[in-house]
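Worksheet: one structure, shown below.
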Amino acid sequence: MQDIRIPDYCCLGEEDEDDITINAWFGPAGTVSPLHQDPQQNFLAQVVGRKYIRLYSQEETERVYPHQSRLLHNTSQVEVENPDLQRFPAFADAPYQECVLGPGEVLFIPVKHWHYVRALDLSFSVSFWWS
C-alpha cells in the first residue's frame, strides 16, 4: 500500500493510524452502492472516473426507511433514483446534498450519514474509515 497515503486528518481521531481502515473500490460505469451509512468517519478519495453521490443527514433515518433486520439495519430499503413512494412516502420529503466527485477530489462523509453512490464512468476510489 505504498501508493496510498493516509490523509493527515484521519490521524486526528481517537485511534492509532493502524486502526484506520482503507478500502479500494473499482468498477464500471453504473456501479451502485445503495443508500447506507457507515459506523466510522469516512474520507472518499476519487482517483479515476467520476461518481454521483447523494448524502442524507443521520437525522433523516426514519425517512430513508432502513431495513429492520440486524444484518441490513445500516442500508435503506429505498431505490434512491427510482423510489417507490407508495411504500416509502416520507422519502420524498428527506432533504439531501448531492455532488459529482471527480479525480483528485475527496469527500468527507460524517459517521452515520446516509450516502448513495453511482459510478458515472469506469471508476477507482479509495475510502479511509476512522474513529
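I'd like the full set of residues that are buried (at least 19 other Cβ atoms within 10 Å of the Cβ), of a type in the set (A, V, I, L, M) and assigned to a loop (DSSP other than H, G, I, E, B), limited to region 20-59.
Of everything in region 20-59, just one residue is buried (at least 19 other Cβ atoms within 10 Å of the Cβ), of a type in the set (A, V, I, L, M) and assigned to a loop (DSSP other than H, G, I, E, B), namely 20.
Between residues in region 11-35 that are within 23 Å of residue 55 (Cβ to Cβ) and residues that are loosely packed, with under 14 Cβ neighbours inside 10 Å and at pLDDT below 95, which pairs lie under 6 Å by C-beta distance while being six or more apart or on different chains?
13/131
Residues of region 95-125 being of a type in the set (Phe, Trp, Tyr) and closer than 29 Å to residue 62 by Cβ, which ones?
Listed by number, the residues that qualify are 96, 108, 114, 116.
Six or more apart or on different chains, Cβ under 7 Å: which pairs go from a residue in region 80-94 that's closer than 14 Å to residue 56 by Cα to one that's open to solvent by less than 10 Å² (accessible area, probe 1.4 Å) and not in a loop (DSSP other than H, G, I, E, B)? Could you list them?
As it stands, the answer is 80/35; 91/64; 94/56; 94/64, since those pairs meet every condition given.
Between a residue in region 45-63 that is in contact (Cβ under 8 Å) with a residue 40 or more places away in the chain and any residue that is among the basic types (Lys, Arg), which pairs come within a Cβ distance under 6 Å, given they are 6 or more apart or on different chains?
Filtered contacts from region 45-63: 52/118; 58/112.
Whether any residue in region 65-80 is in contact with a helix residue (DSSP H, G or I) (Cβ under 6 Å, 6 or more places away or on another chain), surrounded by 18 or more Cβ atoms within 10 Å (Cβ to Cβ) and at pLDDT 95 or above is what I want to check. Don't jump to the end; show me each part of the working.
At the first step, the residues of region 65-80 found to be in contact with a helix residue (DSSP H, G or I) (Cβ under 6 Å, 6 or more places away or on another chain) are 76, 78.
Now restrict to residues that are surrounded by 18 or more Cβ atoms within 10 Å (Cβ to Cβ): 76, 78.
If we keep only those that are at pLDDT 95 or above too, we end up with 76, 78.
Among the residues of region 65-80, at least one is in contact with a helix residue (DSSP H, G or I) (Cβ under 6 Å, 6 or more places away or on another chain), surrounded by 18 or more Cβ atoms within 10 Å (Cβ to Cβ) and at pLDDT 95 or above, which makes the answer yes.
Go through region 52-106 and report how many residues are over 24 Å from residue 123 (Cβ atoms) and hydroxyl-bearing (Ser, Thr, Tyr).
The qualifying residues number 4.
The values are calculated or read from the model by the stated rules, or taken from the named source; none is laboratory data. This is a predicted model, so every value here is computed, not measured. Virtual Cβ from ideal backbone geometry, glycine too; neighbours counted across all protein chains shown. When the accessible area is computed, the model is the full protein with side chains, heavy atoms only, and any ligands, DNA or RNA have been set aside. Shrake-Rupley method; radii C 1.70, N 1.55, O 1.52, S 1.80 Å.
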